[in-house]
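Notes follow once the structure below has been shown.
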Amino acid sequence: MKTLLAGIALAWAAPNVLAQSLTLNELLFRASQSVVAYERAFSDVVAEEQYLQQIVRADGTTRRERKLRSDLLLVQLPGAVSWLGFRDVFEVNGKPVRGRDGRLQKLFLGEAEPAVKQATAITRESARYNIGGVVRTVNLPTIALAFLHPLNQHRFDFKRVGEELVDERLTWIVQYSEYARPTFVQLPSGDIFARGRFWLDVETGDTLRSELILGTSRSEVRTTITVDYREDESLEYWVPESMREMYERPRKSKANRIEATATYSNFRRFAVQTEMKVPR
């Protein structure tokens, strides 16, 4: 027993000692390099998404719910600093709404530019299955990772606010807030500043959890999206495991809210032709 306890203590001590000498700038650099590596490892991937959406009353009871199953496709195009995400719903409350023909993947076997337009149309078509009166354009599990990209970090203020073990890995909890304009996320009315937290592995800089908040207590709608990641053996990299969302109307104390939980499985790669024609 003493030997086992000593082993546990040593396993904890190694990253803990590392964290004592670590600076926030060093960790943010590791996080930026992790995101760049993530782009290469996790581009052109499709997964199955199981998505439970609920309208919840102010007293916590469920008014309405809907279960969706979709293909979620993530594509990284040259020159982009975030993933393009496309969702294609194929089942609603256990009933098929189309055949599982992999139509999103097939689009990207040709030229990327027309594929993006068609995939965007499919995603908009699938959005009609969302419940509630909130238009959702940021409900993709990888969106917050783009804030850590080396081309984007200068747009944010970062602050270490704590540390936590996540899946037995020591992380620093790093709070971020956006200050640059135009903001990364845009509303029809204009800029909306992003804020939230990252749980960053102190050794690798990998993001093990992300939180994104859009809006404040004075906003018409406040959005909170939290994503947890897990290591995928087939891709040999961290992938989104779950995404939890909440859409609230903070100025209306008795208003319904939307809660949603998505889980991801069956990650696989597909071939993409990434050349985009430049208009002459």
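Annotations
This table checks each residue for (1) assigned to a helix (DSSP H, G or I); (2) surrounded by fewer than 16 Cβ atoms within 10 Å (Cβ to Cβ); (3) of a type in the set (Lys, Arg); (4) at pLDDT 95 or above.
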residue: Asn130; (1), (2), (3), (4): no, no, no, no
residue: Val135; (1), (2), (3), (4): no, yes, no, no
residue: Lys159; (1), (2), (3), (4): no, yes, yes, yes
residue: Glu164; (1), (2), (3), (4): no, yes, no, yes
residue: Leu170; (1), (2), (3), (4): no, no, no, yes
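- Considered as a group, the residues in region 47-66 that are of a type in the set (A, V, I, L, M, F, W, C) and farther than 21 Å from Lys95 by Cβ include one that is surrounded by the fewest Cβ atoms within 10 Å (Cβ to Cβ), and that residue is Ala58.
- Conditions (1) more than 17 Å from the chain's Cα centre (by Cα); (2) crowded, with 18+ Cβ neighbours inside 10 Å; number of the one not met by Thr204: (2)
- Of all residues in region 102-111 being within 25 Å of Arg66 (Cα to Cα) and in contact with a Phe, Trp or Tyr (Cβ under 9 Å, 6 or more places away or on another chain), the one that is surrounded by the most Cβ atoms within 10 Å (Cβ to Cβ): Leu104
- Where a residue in region 171-184 is over 22 Å from Glu26 (Cα atoms) and its partner, wherever it lies, is crowded, with 20+ Cβ neighbours inside 10 Å, with Cβ under 7 Å and at least six apart: Thr183/Ala194; Phe184/Phe147; Phe184/Glu178; Phe184/Ala194
- Residues being closer than 23 Å to Glu231 by Cβ, touching a residue at least 60 places away in the same chain (Cβ under 8 Å) and of a type in the set (D, E, K, R) - total across region 147-167: 2
- Qualifying residue in region 112-124 (condition: surrounded by fewer than 17 Cβ atoms within 10 Å (Cβ to Cβ), touching a Leu at 6+ places or on another chain (Cβ under 8 Å) and closer than 25 Å to Thr224 by Cα): no
- The set of residues in region 131-149 being more than 19 Å from Pro250 (Cβ to Cβ) and hydrophobic (A, V, I, L, M, F, W, C) consists of Ile131, Leu140, Ile143, Ala144, Leu145, Ala146, Phe147, Leu148.
- Search result, residues across region 137-157 that are of a type outside the set (Phe, Trp, Tyr), under 17 Å from the mean Cα position of the chain (by Cα) and either surrounded by 19 or more Cβ atoms within 10 Å (Cβ to Cβ) or outside any helix (DSSP H, G or I) (or both): Thr137, Val138, Asn139, Leu140, Pro141, Thr142, Ile143, Ala144, Leu145, Leu148, His149, Asn152
- Residues located in region 10-42, provided they are hydrophobic (A, V, I, L, M, F, W, C), at pLDDT below 95, surrounded by 14 or more Cβ atoms within 10 Å (Cβ to Cβ) and within 11 Å of Glu203 (Cβ to Cβ): Ala19
- Options Tyr237, Tyr229: the member that is modelled with pLDDT under 95, out of contact with any Gly (no Cβ under 9 Å at 6 or more places or on another chain), at negative phi and surrounded by 15 or more Cβ atoms within 10 Å (Cβ to Cβ): Tyr237
- Residue that is among the small types (Gly, Ala, Ser) and touching a Pro at 6+ places or on another chain (Cβ under 7 Å), where the choices are Ser210, Ser177, Ser217: Ser217
- Cβ-Cβ distances below 6 Å connect no pair with a first residue in region 19-38 that is of a type in the set (Asp, Glu), a second residue that is modelled with pLDDT of 95 or more, and a separation of six or more residues or different chains.
- Among the residues of region 185-219, those that are part of a loop (DSSP other than H, G, I, E, B) and either without any contact (Cβ under 8 Å) to a residue 12 or more places away in the chain or among the charged types (D, E, K, R) (or both) comprise Pro188, Ser189, Glu203, Asp206, Arg218.
The values are calculated or read from the model by the stated rules, or taken from the named source; none is laboratory data. Bear in mind the structure is a predicted one, so any value in this text is a computation, not a measurement. Every residue, glycine among them, receives a Cβ derived from its backbone with ideal geometry; neighbour counts consider all protein chains shown.
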